[in-house]
Amino acid sequence: MGTPHSIDPRAFGDPRNHYPTDEQFYASDRPDDASLPEDRPRGGSSHDPYKHPWTWGTIALVAFAVLIVLMGIALFP
């Protein structure tokens, strides 16, 4: 034996040492038509416009909070 991990040459004829190729291994449990239909069409919906996460109400609330903080700093140094 050449290396400790190689197959013993006396066991080459043993059917337990027959290993399928990758194609044979992965094709053994697949159906003939292995393609699956797409569950979500690509590209998204054409009628749904992109909505920005910041609405005008959120922007106004953040601006109001910043204004209150700045006024507090200016009026009470």
Item to check | Pairwise label distance in nanometres, Thr58 with Tyr26, each label 7 Å out on the Cα-Cβ vector | outcome: 4.2 nm
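So how do 64-70, 31-37, 10-16 stack up, highest first, on mean other-Cβ count within 10 Å?
Working: 64-70: 10.0, 31-37: 5.9, 10-16: 7.9.
Put in order of decreasing packing, that is 64-70, 10-16, 31-37.
Laboratory data are not the source of any read-out in this text; all were calculated from the coordinates shown. Just so it is clear, the model here is predicted, and its values are computed rather than measured. Cβ sites come from the backbone with ideal geometry, for glycine too, and all protein chains shown count toward neighbours.
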